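Everything below concerns the one structure shown next.
Every number here is computed from the coordinates shown, using simple stated rules; none is lab data. Everything numeric here is computed off the predicted structure, so don't read it as measured data. Cβ placement follows ideal geometry from the backbone for every residue including glycine, while neighbour counts extend to all protein chains displayed.
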Amino acid sequence: MNDLPGILVVLSGPSGVGKTTVAERLIEKGGYVRSISVTTRECRPKEDGRMEVDGVDYHFISMEEFERLRDGDELVEYARVHGEWYGTPKQPLREALRAHEAYLLVIDVHGGGQIRGHGLNSLMVFLAPPDLNELRRRLEGRKTESEEQQTMRLQRVDMEMKKASEIYNHIVVNKDLGTCVEEVHALVLEARRKLKEKQDAGETLYPGLGLNS
């Protein structure tokens with residue numbers, strides 16, 4: 001795929017739909033790299049009890065550094081969650097695109113809404129569950145949340161699906177993991193071929209990043 005332009009792939013979906021697993025399977029194919037967000041919060045234990053690792057799980061930065069990135073327009077998107085700031089830095093995205101890689105950004109639909117229409121030539125893919133019963137089963141199987149938390153997540157699905165239908169390029173149902181991964185991969189290849197056509201026609205790609213690709 002190195003003869004094709006790189007691309008920003010936004011992968012969203014309700015909690016429990018399998019976003020992280022799909023992203024991991026795509027990375028195993030080669031040619032993909034996953035975004036690592038910056039955050040102002042401190043590192044903490046993960047669900048498996050191990051501590052988060054700087055540069056692997058997140059880039060843990062100071063509020064001053066975050067403000068420098070935000071005010072310098074060096075964040076693709078950002079949001080405040082429970083009093084702490086999170087964001088996606090532009091420089092790793094630039095590096096991935098220069099290396100002709102697909103840059104995977106796993107994010108919620110609100111973050112996706114910030115990215116759409118910002119001159120990034122992104123591919124927006126929303127992963128949907130086969131149905132709510134299956135999503136509930138998957139959430140229960142994770143055993144990481146209370147029943148109340150699971151109910152709140154399920155109640156958000158309608159909102160997320162509505163927003164996805166308005167701003168995302170594709171909605172892919174994750175009924176079978178292998179099939180879902182191949183479908184997303186095919187969409188990425190198709191989008192990159194279209195970018196190549198634009199590039200060959202003399203169009204400047206990723207105008208929102210200031211790259212001459």
Which percent, to the nearest 5, of DSSP beta bridges fully inside the chain are antiparallel? 30 percent
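So how do Ile115, Ile7 line up by other beta-carbon neighbours within 10 Å, fewest first?
Taking fewest neighbouring Cβ atoms as first place, the list is Ile115, Ile7.
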For the chain, with the dipole built from +1 on Lys and Arg beta-carbon atoms and -1 on Asp and Glu ones, taken about the Cα centre, which of Tyr78, Tyr168, Leu211 lies farthest toward the positive end? Tyr168
What ranking of Cys180, Cys43 emerges when the number of other C-beta atoms within 10 Å of each C-beta is taken as an exposure proxy, fewest first? Cys43, Cys180
Cα centroids of the range 29-96 and the range 157-213: how far apart, whole angstrom? 22 Å
Relative exposure of Ser165, Ser12, Ser37, judged by other C-beta atoms within 10 Å (fewest first): Ser165, Ser37, Ser12
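Hey, which of these cross-link pairs are over 22 Å Cα-Cα: Lys46/Lys90; Lys19/Lys162; Lys29/Lys162; Lys19/Lys175?
Lys46/Lys90; Lys29/Lys162
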Which residue, Arg80, Arg41, Arg50, has the most motion in a Gaussian network model of the chain that connects Cα atoms within less than 10 Å? Arg50
Choice from Pro130, Pro45, Pro92 with maximal GNM fluctuation in the chain (Cα, 10 Å cutoff): Pro45
Please give the calculated 222 nm ellipticity per residue for the chain, where each DSSP H segment of at least 4 residues contributes -39500 (n - 2.57) and the sum is spread over every residue; nearest 500 deg cm²/dmol? -13500 deg cm²/dmol
Determine the equivalent ellipsoid of the chain by diagonalising the alpha-carbon gyration tensor, then write out the semi-axes as square roots of 5 times the eigenvalues, largest first, rounded to whole Å. 27, 23, 16
